[in-house]
Every structure is written in C-alpha cells, then in structure tokens.
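Worksheet for the structure shown next.
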C-alpha cells in the first residue's frame, strides 16, 4: 500500500450516494480467442490500442520505456526510454499525444504518437502514479488505493475524486485502467479479476474472472502479476497481459449463467 494511501481524504463530491442495496455484479468468464508473443522482460504497467497500433509502458528503474509494439510478433517497433531514475507507470492517449505516469517520482511525461519522441515532462505531480486512462474530457488515474482521480489533461488539476466500492466496501489496489463502453475497467494488484466500474457512482458492476489465463502463465517472479488491458474499439477486440508475461491474450467475455460470488469476493480480497 502506498505510504500516502492512509491519508487520502476524498473530496465530498467524490463520495456518491449509494442505493440502499449495491447493484448486482455481472460475472464474466473468458474464452481465449488468440495468443500473441509478448516481451517476457517487459514489466507491463500500461497497455492500449490506438488506431491499429499497440502501445505499452513498462516499469522498473533503469528499464522503463514507452513502446509501440507489433501485435502479431511482439516486436518493439519504436521505443523511448524513461529516465533511469524513474519507474514508469500508466499510459494513455490524449488527442495526438501519449501521456505516461511515474510511480513515486511526481513526473508526468508526454510523447508524440508518431515516433514516441518526448514532448514535455512535468515534475510537480503530487500523487503516486499507477494506472492511467482517458474518460471523456478527463484523464483518470489510480494510485493503488480505492480512489480514482479525474484530472484536467492539460493542467493536471484534480477535477473530482471517486471512491470505488464493491458490495458497499472500498476496493483498494486499483492498478492499470481502460475505458470500454462507458465503464472504467481496472486490474486489481495481485488479483486474477478485472473489474468494471461505474464512473458516476464508483460501484463495481462487472467482474471478469481470468483464472484460465493466469493458470497458463508460469510465474517467474512474485511481482509477475496480471496487468494490462487494451481494447480495439473499431474491431471490438479485448487484449490482456501481465508483468514479465511471455504472452498477450485476445479474449472474449462469456456471461456466467449461474453466477457465484467468487469473482467479486476475490477482487475484494485478492490475497
């Protein structure tokens, strides 16, 4: 848990009034559609698909990069190094730029889409960076707590804060983020479950059980966890991978006909 996590005091507007009973959580299993090579040395922190290209940000000091990757081969087509004293984190697209976070360094980087050349770096970001995505006219980031912050893409000022809850309780360890069809999807650190979050209320309304995928991966390090969600909206393809994983998976979602609470409970209590 980040050191500042205990000090988070969400703005009053962030705490939405919940209904007396939380909304039921839709549970999904997955089917593997295709498997693609993935750099097994990539400590994946951000993943996204944008106009026919796969982009990825990687972490660890001295190894962090922003990359454009060939889906079919896993080849890194272009890359820019993040300064070696920084730990790269989440990645998203804003207009014609890529924006990436760093973990505990307070630095936000901007890169060109065309060749990943650096545009600007700001070192006054007052939060830890974990996941990052774009929702409407805002960037949204996680910091490993139960809070998502919506920020102005230009000034980085906080517009609002949202406490994410599952069955009425805060859900911490929110990590990599992706917006799909109006919901914010999040990896949960050290969990085999991806959750879908209502951006208006913070309620978890979907849980995707990726056990069939995580069970296929030989874990080479303790931190080699599921992390990375990318959606090809044009072709409605969904991709997932993990830190130090040799494979990137294209998956389809299958509603669980007789939902059990397992996926929701596991998301709330991943360890």
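The values are calculated or read from the model by the stated rules, or taken from the named source; none is laboratory data. Remember, it's a predicted structure, so these values are computed and weren't measured experimentally. All Cβ positions, even for glycine, are placed from backbone atoms using ideal geometry, and neighbour counts span all protein chains on display.
Let's see how each residue does on (1) surrounded by 23 or more Cβ atoms within 10 Å (Cβ to Cβ); (2) at pLDDT 95 or above; (3) touching a strand residue (DSSP E or B) at 6+ places or on another chain (Cβ under 7 Å):
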position: 200; (1), (2), (3): no, yes, no
position: 204; (1), (2), (3): yes, yes, yes
position: 207; (1), (2), (3): yes, yes, yes
position: 215; (1), (2), (3): no, no, no
position: 222; (1), (2), (3): no, no, no
position: 237; (1), (2), (3): no, yes, yes
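Of all the criteria given as (1) under 19 Å from residue 139 (Cβ atoms); (2) at pLDDT below 95, the one not satisfied by residue 48 is (2).
The conditions of being assigned to a loop (DSSP other than H, G, I, E, B) and touching a strand residue (DSSP E or B) at 6+ places or on another chain (Cβ under 7 Å) are not met by residue 139.
Can you say whether residue 147 is modelled with pLDDT of 95 or more, buried (at least 22 other Cβ atoms within 10 Å of the Cβ), more than 16 Å from residue 57 (Cβ to Cβ) and in contact with a strand residue (DSSP E or B) (Cβ under 8 Å, 6 or more places away or on another chain), as far as the supplied structure shows?
Numbers: modelled with pLDDT of 95 or more: yes; buried (at least 22 other Cβ atoms within 10 Å of the Cβ): yes; more than 16 Å from residue 57 (Cβ to Cβ): yes; in contact with a strand residue (DSSP E or B) (Cβ under 8 Å, 6 or more places away or on another chain): yes.
Yes; evaluated as a whole, the condition is true for this residue.
Can you confirm whether region 92-111 contains a residue that is buried (at least 16 other Cβ atoms within 10 Å of the Cβ) and within 30 Å of residue 26 (Cα to Cα)? The answer is yes; a qualifying residue exists.
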